[in-house]
Amino acid sequence: KHFFIDEFQDTSVMQWQNLIPLIDNSLASEDLMGIRGSLMIVGDPKQSIYRWRGGKAEQFIALSKDYNPFSNPDKLLVNLGRNFRSYSQVVDFNNGFFSFLSGQFEDPDYRELYLNNSSQEQNDKKGGYVNISFIPDAQQEEDEESTDKEQLYLEAVLETINKVRTNGFKYKDIVLLTRKRRPGVLLATYLTEKGIPILSSETLLIENAAEVKLIVNLLRYLKSNENIEAKAHFLYFVPHNNLPPDGVHNFIADGMAQPDEEALEAWLAGYNIHISFKNCRKRSLYEAVETIVAAFIREKSNQSYVQYFLDLVLERDVRVQSGITDFLDYWDTNGSKFSIPSPEGNDAVRIMTIHKSKGLEFPVVIFPFAEEDYSKAPRSKMWLDMDDDDFEFQKALIDSKKEVAEYGEKASQLFFTKAQEELLDNINVLYVALTRAEEQLYIISNRNFTSKGDLTNNMSSYFIKYLMDKALFDNTVGEYHFGSPVKISGDSEESGPQKTIEVVKENFDPRDIKIAQRESLMWGTNQLKAIEFGNVLHEILSFVKTESDVPLALMKAVESGLITHSQEADVEKTLRDIIFHPELNIFFGEGNTVLNEQSIIGNGLPTLKPDRVAINGSKAYLLDYKTGTHLSKYEKQLAGYAGALQQMGFEVAKKTLVYIGEDINVVNL
């Protein structure tokens, strides 16, 4: 009966047209209580930046005026005028700037949107700071992708970050916003070289981690030791983890000079890197990668990337029994898609596109490269109705360019509409960028004038015209200030250094695996059936903390195929025999904190996993399930668990072994 649509400005025409009849039925009808359905739409046409994927702000603008597609005429328009995000100086600047930009529109609806609907009321956050700066003039080089201007932008960003840090902000308070991906890559590369910690979508891609590149190129070398390029690449990345004393270049040259695989292995051993490429090829994909990690990667800086890559390899190995060749084919196609989750709390400057920043907020926003040349934007297409009888088709797909206005009245109106839509989209993107800031906003642009002294059709012209309108612009001044740059807000909560669980390396030699040859002697015997039954109960008990968990545990066991419906009654009886056993009821009491099969990780010690630990205050009750006959090694195992719990500060009040088979045998230690 009641509908809520958020971010309506990004709703496509098709989506909206499909929803209208469904919603209209609800709005027009009443329930038994005489209550009609309702629709709440929330959004902001000024933040409509997804026209390229169907979003159309004009739908929202029309709804806010006289248009109503529903049979129910009742409509209420509510403007949320207060800005709860930004400090007063940021709000004032954006109010003035975007009200001024409304004059760029010829379309009355668009002009009204920014003239009267962009101003926001201040909240109780007073102060803040806005800075508009222009880089010095630079000459464009022949290669337009590489300019002195880009270097000036990069230097300006670094200088701004240092200023912001001096004013009391942390790296993690700062975000760099770019319209396109390429400037973000330039910023990430430059700032990394300058020692600034950064966090961006590019830095989170596992394919960009040096450790992953090392592993992948070693796999290529394992595929073919005649792959000289792969050999050179993996030698290049080895020094990232084991810096050779004679320098990187000499290290690579010496490695490339090794005549064969055996010589290369012996040479690597001199750097304390021990590996047998021949043995790697004999192993499964996952074991080969684990061997590479153990031999080459000893630093802990990028464990997250290594662990994610290992998980990916294991998934492919298990799912499709992937070999080295198959995995490399898969990686070449899909490697660029994988990234680790963004670690929260890291003190690093974030870099993201404006589109990704939508809906977010940041204490300090730096918006460099703020001079997009709209005249060089990819030329869009539009459909033109053909009225002339000389043509044998009704519509033509043409470029959106000024000459279209000379094709007749319909073409002229179509071009006007298209041009105004593109202008709205560009200003909307700018609006999203400049309204992400909470306390401080830095805009870094360029003075773009023609040889005749006229402003170009460029984003930078908006800032220059605004400063001119305020009688502030001076071509000799490179920086304009609004407010004070002194930090007002309190320090953000310190998260401290993040603790990362290290990669667990379980390298083993297949020769260590021993076949239990006597097991076949029990096949088909009652003893084996009892052991199998005990193992099944053991697994089901891992789902049980108290007696109330038994029904759900049985349902899981049936659904997973662990037991059949016909076995359910027998299993339930045995479970309750264990739970209500007079010597075991302490382990299943309601007042305990129960940990089933939880690992105990000790510093430098092997990982322990007791079947059940019940904790009550400072006391711990230790229970382990077994099958078969009682062995002394089980007592030693339980003693090891108890020792670990005592090191954790618990008093081990009871240690018990339960043998599950044809009968339930309890052994208290």
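The values are calculated or read from the model by the stated rules, or taken from the named source; none is laboratory data. Just so it is clear, the model here is predicted, and its values are computed rather than measured. Reconstructed Cβ throughout: ideal geometry from the backbone, glycine too, with neighbour counts over all protein chains shown.
Brief remarks on what is shown
- Per the conditions (1) at pLDDT 85 or above; (2) touching a strand residue (DSSP E or B) at 6+ places or on another chain (Cβ under 8 Å), the sole criterion not satisfied by Gln15 is (2).
- The one condition in (1) more than 24 Å from Arg281 (Cβ to Cβ); (2) modelled with pLDDT of 90 or more that Leu218 fails to fulfil: (1)
- Of the residues Ala620, Ala614, Ala553, the single one that is over 28 Å from Gly649 (Cβ atoms), surrounded by 12 or more Cβ atoms within 10 Å (Cβ to Cβ) and in the same structural domain as Thr656 (by TED's automatic domain parsing) is Ala553.
- Residue among Gly602, Gly617 that is more than 21 Å from Asn668 (Cα to Cα) and at pLDDT below 85: Gly602
- Scanning segment 628-662 for residues that are surrounded by fewer than 18 Cβ atoms within 10 Å (Cβ to Cβ), touching a helix residue (DSSP H, G or I) at 6+ places or on another chain (Cβ under 9 Å) and not basic (Lys, Arg) yields Gly628, Glu651, Ala653, Glu662.
- Qualifying residue in segment 632-653 (condition: in contact with a strand residue (DSSP E or B) (Cβ under 7 Å, 6 or more places away or on another chain), part of a strand (DSSP E or B) and within 17 Å of Phe580 (Cα to Cα)): no
- Checklist (1) in a helix (DSSP H, G or I); (2) more than 30 Å from Ile488 (Cα to Cα); (3) not assigned by TED's automatic domain parsing to the domain that holds Leu434 applied to Gly103, failing item: (3)
- Selection of strands (runs of 3 or more DSSP E) fully inside segment 360-457 by the criterion of at least 1 residues being in the same structural domain as Leu152 (by TED's automatic domain parsing) and at pLDDT below 75 returns 381-385, 395-399.
- Given (1) part of a loop (DSSP other than H, G, I, E, B); (2) at pLDDT 85 or above; (3) in contact with a strand residue (DSSP E or B) (Cβ under 7 Å, 6 or more places away or on another chain), number of the condition Leu176 does not satisfy: (1)
- Single condition Phe84 does not satisfy, out of (1) assigned by TED's automatic domain parsing to the domain that holds Leu424; (2) in contact with a Ser or Thr (Cβ under 9 Å, 6 or more places away or on another chain); (3) modelled with pLDDT under 85: (2)
- Extreme residue, surrounded by the fewest Cβ atoms within 10 Å (Cβ to Cβ), among residues of segment 120-139 that are in a loop (DSSP other than H, G, I, E, B) and of a type in the set (D, E, K, R): Asp124
To keep it simple, each residue is scored yes or no on (1) among the hydrophobic types (A, V, I, L, M, F, W, C); (2) in contact with a Phe, Trp or Tyr (Cβ under 9 Å, 6 or more places away or on another chain); (3) in contact (Cβ under 8 Å) with a residue 24 or more places away in the chain.
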residue: Tyr50; (1), (2), (3): no, no, yes
residue: Ala62; (1), (2), (3): yes, no, no
residue: Asp92; (1), (2), (3): no, yes, yes
residue: Leu101; (1), (2), (3): yes, yes, yes
residue: Tyr110; (1), (2), (3): no, no, yes
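- Filtered residues of segment 296-315 (kept if at pLDDT 80 or above and either among the hydroxyl-bearing types (Ser, Thr, Tyr) or not assigned by TED's automatic domain parsing to the domain that holds Val238 (or both)): Tyr305, Tyr308
- Pro343 vs. criteria surrounded by fewer than 19 Cβ atoms within 10 Å (Cβ to Cβ) and either at pLDDT 85 or above or within 30 Å of Val432 (Cα to Cα) (or both): yes
- Single match in Ser284, Ser224 (criterion: assigned by TED's automatic domain parsing to the domain that holds Gln321, closer than 21 Å to Gln307 by Cβ and small (Gly, Ala, Ser)): Ser284
- All told, Leu187 meets the bar of being modelled with pLDDT of 85 or more, assigned to a helix (DSSP H, G or I), crowded, with 19+ Cβ neighbours inside 10 Å and under 26 Å from the mean Cα position of the chain (by Cα).
- When segment 35-66 is filtered for residues that are buried (at least 19 other Cβ atoms within 10 Å of the Cβ), assigned to a strand (DSSP E or B) and basic (Lys, Arg), nothing remains.
- Leading residue by the ranking (farthest from the chain's Cα centre (by Cα)) among those in segment 305-335 that are part of a helix (DSSP H, G or I), surrounded by 12 or more Cβ atoms within 10 Å (Cβ to Cβ) and of a type in the set (Ser, Thr, Tyr): Thr325
- Output for segment 584-597, where each listed residue is surrounded by 13 or more Cβ atoms within 10 Å (Cβ to Cβ), part of a loop (DSSP other than H, G, I, E, B) and not aliphatic (A, V, I, L, M): Gly589, Asn592, Glu597
- The numbered conditions (1) closer than 18 Å to Glu421 by Cα; (2) outside any helix (DSSP H, G or I); (3) among the small types (Gly, Ala, Ser) are all true for Ser71 except (1).
- Put simply, of Phe482, Phe463, Phe473 the only residue that is hydrophobic (A, V, I, L, M, F, W, C), modelled with pLDDT of 90 or more, surrounded by 15 or more Cβ atoms within 10 Å (Cβ to Cβ) and in a loop (DSSP other than H, G, I, E, B) is Phe473.
- Subset of segment 289-304 [among the charged types (D, E, K, R), surrounded by 12 or more Cβ atoms within 10 Å (Cβ to Cβ) and not in a helix (DSSP H, G or I)]: Glu299
- Options Pro245, Pro259; residue that is at pLDDT 85 or above, farther than 20 Å from Val212 by Cβ and more than 36 Å from the chain's Cα centre (by Cα): Pro259
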